[in-house]
Every structure is written in C-alpha cells, then in structure tokens.
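Scroll down for the structure; my scribbles are underneath it.
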Amino acid sequence: TVPERYIRDGDDRPDHAVVDDERAQERIPVIDVGELQRGSEDELDNLRLACEQWGFFQVVNHGVEEETMEEMEKAAREFFMLPLEEKEKYPMEPGGIQGYGHAFVFSDDQKLDWCNMLALGVEPAFIRRPNLWPTTPANFSETLEKYSVEIRELCVRLLEHIAAALGLAPARLNGMFGEAVQAVRMNFYPPCPRPELVLGLSPHSDGSAVTVLQQDAAFAGLQVLRGGGGWVAVHPVPGALVVNVGDTLEVLTNGRYKSVEHRAVASGEHDRMSVVTFYAPAYDVELGPLPELVADGEPRRYRTYNHGEYSRHYVTSRLQGKKTLEFAKI
Ligand code: AKG
C-alpha cells in the first residue's frame with residue numbers, strides 16, 4: 001500500500017496515460033555539442049529553436065566522459081542502497097537544501113514526493129557542507145569532484161553557444177556569472193505499488209541558468225510540460241545528458257528562452273535515478289533582462305534583482321510550477 005502522505009488527488013495526480021496520447025510521438029530535440037564546437041551554423045539554429053520552442057533538449061558529444069558518468073551513477077546508487085540509518089547520517093534539515101531526505105517539505109499536511117534525494121552544494125567552495133558528503137562509498141567525494149569539473153566545463157560551453165544563438169558575444173553570459181554556483185541533486189525514485197497515485201517530483205521550473213541532468217535508462221520518468229498542455233516523456237538516449245533552461249536564463253533573455261515546468265513520475269516496476277546539476281550566477285550578481293535582448297518598444301518583463309536573494313526565495317518556496325519566477329516579474 002501507499003502511505004496517505006504520498007497520495008495525490010484531482011489535478012495533482014500524474015497522468016501516466018500521457019504516453020498514449022497524441023504527444024506520445026514527440027521527442028525533445030537532440031543537440032550535438034561536437035557540431036557546435038566545430039562551428040556548425042545549422043546546429044546553432046537547432047540550439048536556438050530548442051531553447052525557444054522547448055526549453056529542454058538532450059545533448060550528445062557533450063565532452064563528459066562516459067566513464068565519469070558511469071562512476072557517478074554507480075557511486076550515487078551505492079549511496080541510495082545503504083541502510084536508512086547510514087543515509088540519515090547526512091540529514092537534510094526540515095526546509096533545508098543540502099543533505100539526504102525529502103526536499104521542499106514545509107508543512108505536515110503537504111503531500112510528499114515519492115523520492116529520496118541527496119542535495120549538495122559544490123561550487124564555489126564556501127557553499128560546501130563537507131559533513132554532508134557521504135563517506136560511503138569511499139570514492140563518493142572524489143567521484144563527485146571529477147564529475148562536477150566535467151559538467152561545469154559543459155555548462156560553460158553550453159552558455160557560450162547559447163549566447164551565440166542569441167546573437168551575443170560567446171563570453172557574454174559566462175562573463176557576467178562571476179564565481180558561478182554549482183549544486184547537485186541526486187534523486188532516487190523507488191518502484192511504487194500504485195504509481196498512478198503519486199508523483200516522483202512535483203512540477204517545477206529550475207532557478208538555475210541551465211540544468212544538466214543525467215538519468216538512468218530504465219524508465220522515462222522525467223516529463224516536460226508543453227505549451228498548449230500535455231506532458232511529454234523524456235526518453236533516455238544512451239550516453240546523452242538532458243539540458244534545460246532555468247528561470248535565470250528566462251530573465252536574462254527577457255522571456256525569449258523560457259524555463260519549463262517538468263516533473264518526475266514513479267514506475268510500478270523500476271526504480272530510477274537522476275543526477276541533476278544546477279548552474280547559476282554567483283550570489284552577488286545583479287540580474288535582469290540584458291539590454292541587448294530587449295528590443296526597442298518591447299516591455300521589460302523582469303526587474304533587476306540580486307541573484308542571492310532570488311536563490312533564497314527559490315529554496316524557501318515549495319515546488320509549485322513556475323511560481324518562484326513571480327519574484328522577478330515587474
Ligand atoms: C530536479 O531534481 O529538479 C528534477 O527535476 C529531477 C527530475 C528527474 O528526476 O528526472
């Protein structure tokens with residue numbers, strides 16, 4: 001049976017029938033980062049369209065070593081397989097954002113997501129809470145360090161190409177990010193006896209500029225909300241990483257590129273794991289729509305604000321669609 005605290009009702013219930021409806025054939029775009037690196041204008045167009053029309057895409061030839069990804073997946077899985085009392089040595093405090101537990105729980109009457117997570121700040125160093133980095137498996141920290149360096153390089157490259165796709169100098173976005181913030185969340189979704197009653201992770205957009213997600217191949221549990229309605233499943237492409245536009249990029253582009261609501265559903269048969277990296281500007285950066293991207297006569301949709309304040313607002317809010325972006329709206 002499924003404990004009452006997880007059971008959703010009404011509109012909140014996941015619609016697993018999503019895979020049978022007319023959206024079933026839709027696939028999020030696949031972008032070849034190798035082609036972008038070689039200067040392909042066609043691939044840059046594909047990236048632009050992916051950001052404008054989807055806000056979500058998969059990347060291949062992304063430069064993150066297969067071995068690095070496999071090791072990260074293995075280390076995270078080993079952690080989640082530990083007995084509960086071992087994992088609870090790294091507790092996420094209620095309403096906290098780092099450690100092991102259920103994130104985004106703010107009240108006793110709130111429905112829980114069918115998910116365990118381990119969330120850790122990685123860069124800059126001052127956001128790290130070393131006592132929350134697991135010591136089992138023994139190579140966990142070393143593996144996460146290596147993984148994070150390679151993912152960070154990918155984020156920097158992606159932001160260069162995204163800037164170029166916007167008609168900006170490639171260094172424009174990275175140049176204003178300062179000591180960029182990088183955080184990782186590992187999500188583990190056990191099989192659920194009644195998956196139609198629960199959500200793995202509530203619908204939300206990300207507060208990041210870009211998010212890079214690694215998922216295992218067992219089950220397409222990640223779903224993306226399409227304009228016009230309907231959830232589209234993100235089918236795992238072997239070796240690919242999933243990238244999405246976060247709220248910060250939506251603000252910087254004055255809404256040209258939109259952060260997109262997504263959620264995770266549980267499976268009746270398979271467990272599923274995702275390793276998610278959030279990449280965002282330094283906390284002291286003042287953010288708003290880039291003047292070059294606000295056309296003459298076009299209204300500014302977002303105000304200028306301090307990114308640290310926005311981050312605090314984000315992490316102290318429930319996962320609730322794109323509600324957190326209200327903070328930035330004029
Ligand atoms: C998140 O951690 O913010 C996610 O959206 C994860 C979704 C997934 O597990 O695919």
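Numbers for the structure displayed
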quantity	calculated
Count of residues meeting criterion [in a helix (DSSP H, G or I), modelled with pLDDT of 95 or more and farther than 15 Å from residue 241 by Cβ] in the stretch 40-62	10
Which listed residue is under 30 Å from residue 330 (Cβ atoms) and either surrounded by fewer than 19 Cβ atoms within 10 Å (Cβ to Cβ) or in contact with a Cys (Cβ under 6 Å, 6 or more places away or on another chain) (or both), from 239, 228	228
Residue in the stretch 177-190 that is farther than 30 Å from residue 127 by Cα and not in a strand (DSSP E or B) present	no
Output for the stretch 54-73, where each listed residue is in contact (Cβ under 8 Å) with a residue 60 or more places away in the chain and either loosely packed, with under 14 Cβ neighbours inside 10 Å or not hydrophobic (A, V, I, L, M, F, W, C) (or both)	55, 58, 62, 63, 65, 66, 68, 71, 73
Matching entry among 193, 170 (being farther than 30 Å from residue 269 by Cα and more than 16 Å from the ligand (Cβ to nearest atom))	170
Top-ranked residue of the stretch 271-310 - restricted to ones that are more than 16 Å from the ligand (Cβ to nearest atom), outside any loop (DSSP other than H, G, I, E, B) and of a type in the set (Ser, Thr, Tyr), ranked as surrounded by the most Cβ atoms within 10 Å (Cβ to Cβ)	310
Index of the failed condition, residue 191 passing every other in (1) touching a strand residue (DSSP E or B) at 6+ places or on another chain (Cβ under 8 Å); (2) surrounded by fewer than 20 Cβ atoms within 10 Å (Cβ to Cβ)	(1)
Search result, residues across the stretch 101-116 that are outside any loop (DSSP other than H, G, I, E, B) and either in contact (Cβ under 8 Å) with a residue 24 or more places away in the chain or surrounded by fewer than 17 Cβ atoms within 10 Å (Cβ to Cβ) (or both)	116
Subset of the stretch 209-232 (residues that are near the ligand (Cβ under 9 Å from one of its atoms) and in a loop (DSSP other than H, G, I, E, B))	221
Qualifying positions in the stretch 233-246 - under 10 Å from residue 56 (Cα atoms) and in a loop (DSSP other than H, G, I, E, B)	234, 246
Which listed residue is modelled with pLDDT of 95 or more, more than 13 Å from the ligand (Cβ to nearest atom) and either closer than 23 Å to residue 61 by Cα or assigned to a loop (DSSP other than H, G, I, E, B) (or both), from 268, 255	255
Tabulated pairs, the stretch 281-308, first in contact (Cβ under 8 Å) with a residue 12 or more places away in the chain, second aromatic (Phe, Trp, Tyr) and in a loop (DSSP other than H, G, I, E, B), C-beta under 8 angstrom, 6+ apart or interchain	306/283; 307/283; 308/283
Residue count for the stretch 117-139, restricted to those that are buried (at least 20 other Cβ atoms within 10 Å of the Cβ) and touching a residue at least 60 places away in the same chain (Cβ under 8 Å)	5
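The values are calculated or read from the model by the stated rules, or taken from the named source; none is laboratory data. Fair warning: this is a prediction, and the values are worked out from it, not measured in the lab. Backbone-built Cβ (ideal geometry, glycine too); neighbour counts: all protein chains shown.
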